[in-house]
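Since the structure comes first, as structure tokens, the remarks are kept for the end.
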Amino acid sequence: MGTRKAMPAGPATAAVWEHDRDGAMRQGSDAPGVEADQAGLLKRAALASFIGNFVEWFDYASYGYLATIIAVMFFPKSDAVTGLLAAYGVFAISFVVRPLGGVVWGHFGDRRGRRAALSLSILIMSCSTFLIAFLPTYAQVGMLAPALLLLVRVVQGFSASGEYAGASAFLAEYAPPGKRGLYTSIVPASTAAGLLFGSVFVAVMHAVLTTEQLHTFGWRLPFLLAAPFGLVGRYIRIRLEDTPKFKALEGAHAVAKAPVKELLTRHRGRMLIAFGVTCLNAVAFYLILSYMPTYLSTEMGMGETASFVAATISLASYIGLIFLMGALSDRVGRKTMLIAASVMFAILTVPLFKGLVGASFATIVLIQIAFGALLTLNDGTLPCFLSEIFPTRVRYSGFAFCFNAANALFGGTAPLVATWLISATGSKLAPAWYLVGAAGVALVAMLASHETSRRPLADD
């Protein structure tokens, strides 16, 4: 917002204070006008954050849900398990660059501003996703096909590594203090919305296209949508102002010169906690929302269309619950919510996986909704907790590096590890025990943490 003309306080007009463009606090006009401006800024920030994550996760959903087709199109003919492992391997390798991307985007976001980083990251991400639609297949160019797929996925992983953390920090710094949990829950909601749209899109394709059509051109269609989605998101972002917190930091000439160095020298304990609690989010998110349709079709013998419909229903319930959990974390605290998520995953995961064996469609949907509800306990709280645990000077860097390191090690590899564990042990419950282990790590991290919800965002 620009500087407002100051007005004297009186019976009909209350004097208020607001941020101007250089981050200083100036006296503003009447409170209703300022509140309307702030509400408008918050809505635009929420929309900008939503669209970027939506584009990213629509792509990941499309890749995950089309993994069996991508395995056939981009890799040499082999048995189904080997092909699927290869497709998930490319999926996992794209996460290797995420910690590096987290460092780069975090540095950029903490030095140049949240808006600048988010505007550039969505452009790179949408362009690289769009390119997948035009890649040649293995039948056309041989081993060059998986090499090109891997290259594009690496670029995607690099660009996406700044998205979730940046959008969360952006909203946390814009949101009213008592509603940070609610507003930052928009980020995981947009993630689930991207997965939901991907699930619906792929389910419709399986329903209306023949197998030959899916292999010929159908698998390319979801990736074509990245360009228009990304351009809309970038347009909204470049029209936003940066957050009041960052502008105040700039105005005080207190922007960190070397955010990562500051993190490693002053905030190592916070980084360990952030990494530990994110391990549960990483494993649970990818197993429940991305890998589950493939698990149901390949391990449980469920039809592909039915598995996608079940995923669609559970994702819709997840989106509704995520806002409830975000708001609840504002009332009961982040630590309470995240500990509850860890304990419940540790107790309920194996029984829920056992319930999938021989279950009816309705029962499978109910189990997936139950898993989604457990996941929202964590996901509705985590983005706010990770924004609050780090001070403004290194908030983007701390969040981005820890979140992406955990997802690189345990998230992007989760479908690959789950598929390998089932193959190696012969047990369809192997992924469940992997998830229980992640819950244990998160529980230890949260027991070592402090409550962050009932105090202002830290500046140092």
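Across the range 412-447, which residue is surrounded by the fewest Cβ atoms within 10 Å (Cβ to Cβ) among those that are more than 18 Å from V81 (Cβ to Cβ) and of a type in the set (V, I, T)?
Checking each candidate, the answer is V444.
Just the residues that are under 18 Å from A165 (Cα atoms) and either of a type in the set (S, T, N, Q) or touching a Ser or Thr at 6+ places or on another chain (Cβ under 6 Å) (or both), please, taken from the range 187-217.
Answer for the range 187-217, where residues must be under 18 Å from A165 (Cα atoms) and either of a type in the set (S, T, N, Q) or touching a Ser or Thr at 6+ places or on another chain (Cβ under 6 Å) (or both): V187, S190, T191.
Please identify the pairs in which a residue from the range 104-119 that is closer than 16 Å to V155 by Cα has its Cβ atom under 7 Å from the Cβ atom of a residue that is of a type in the set (S, T, N, Q) and surrounded by fewer than 21 Cβ atoms within 10 Å (Cβ to Cβ), counting only partners at least 6 apart or on another chain.
none
Got a sec? Which of A203, A226, A248, A252 is crowded, with 22+ Cβ neighbours inside 10 Å and small (G, A, S)?
Unique residue meeting the criteria: A226.
Within the range 258-269, which residues are in a helix (DSSP H, G or I) and surrounded by fewer than 20 Cβ atoms within 10 Å (Cβ to Cβ)?
Correct list: V260, K261, E262, L264, T265, R266, R268, G269.
Yes or no: T216 without any contact (Cβ under 8 Å) to a residue 12 or more places away in the chain, surrounded by fewer than 13 Cβ atoms within 10 Å (Cβ to Cβ), farther than 22 Å from A284 by Cβ and not basic (K, R)?
No; evaluated as a whole, the condition is false for this residue.
Regarding L144, is this residue over 30 Å from L240 (Cα atoms), without any contact (Cβ under 8 Å) to a residue 24 or more places away in the chain, surrounded by fewer than 19 Cβ atoms within 10 Å (Cβ to Cβ) and among the hydrophobic types (A, V, I, L, M, F, W, C)?
Answer is yes for this residue.
Kindly check whether there is at least one residue in the range 87-106 that is part of a helix (DSSP H, G or I), aliphatic (A, V, I, L, M), farther than 22 Å from S119 by Cα and at pLDDT below 70.
The answer is no, given that none of the residues of the range 87-106 is part of a helix (DSSP H, G or I), aliphatic (A, V, I, L, M), farther than 22 Å from S119 by Cα and at pLDDT below 70.
Say whether the condition of being buried (at least 19 other Cβ atoms within 10 Å of the Cβ), assigned to a helix (DSSP H, G or I) and within 20 Å of the chain's Cα centre (by Cα) is met by at least one residue in the range 297-309.
No, because not a single residue in the range 297-309 is buried (at least 19 other Cβ atoms within 10 Å of the Cβ), assigned to a helix (DSSP H, G or I) and within 20 Å of the chain's Cα centre (by Cα).
Could you tell me which residue of the range 315-348 is surrounded by the fewest Cβ atoms within 10 Å (Cβ to Cβ), considering only residues that are modelled with pLDDT of 95 or more, within 15 Å of L287 (Cβ to Cβ) and not aromatic (F, W, Y)?
L348
Condition first: of a type in the set (V, I, T) and not in a helix (DSSP H, G or I). Now tell me which residues in the range 400-421 satisfy that.
T413
Which ranges mark the helices (runs of 4 or more DSSP H) fully within the range 123-176 that have 2 or more residues being touching a Phe, Trp or Tyr at 6+ places or on another chain (Cβ under 8 Å) and small (G, A, S)?
Helices (runs of 4 or more DSSP H) meeting the threshold: 144-160, 163-174.
Could you check, for the range 332-347, whether at least one of its residues is of a type in the set (F, W, Y) and out of contact with any helix residue (DSSP H, G or I) (no Cβ under 6 Å at 6 or more places or on another chain)?
no
Look through the range 65-86, keep the residues that are assigned to a helix (DSSP H, G or I) and at pLDDT below 75, and return whichever of them is nearest to the chain's Cα centre (by Cα).
For the range 65-86, the residue satisfying everything is Y65.
Which residue, of A442, A424, A432, A438, is more than 18 Å from T278 (Cβ to Cβ), assigned to a helix (DSSP H, G or I) and touching a residue at least 60 places away in the same chain (Cβ under 8 Å)?
Unique residue meeting the criteria: A432.
Can you list residue pairs whose Cβ atoms sit under 6 Å apart, with the first residue in the range 261-278 being under 21 Å from N378 (Cα atoms) and the second being of a type in the set (F, W, Y)? Count only pairs 6 or more apart in sequence or on different chains.
Listed by first residue and then by second, the contacts come to T278/F403.
What single numbered condition from (1) at pLDDT below 90; (2) surrounded by fewer than 17 Cβ atoms within 10 Å (Cβ to Cβ) fails to hold for K179?
(1)
Just checking, how many residues over the range 381-411 are hydroxyl-bearing (S, T, Y) and surrounded by fewer than 24 Cβ atoms within 10 Å (Cβ to Cβ)?
Qualifying residue count, the range 381-411: 1.
The values are calculated or read from the model by the stated rules, or taken from the named source; none is laboratory data. The model shown is predicted, which means the values in this text are computed figures rather than measured ones. Backbone-built Cβ (ideal geometry, glycine too); neighbour counts: all protein chains shown.
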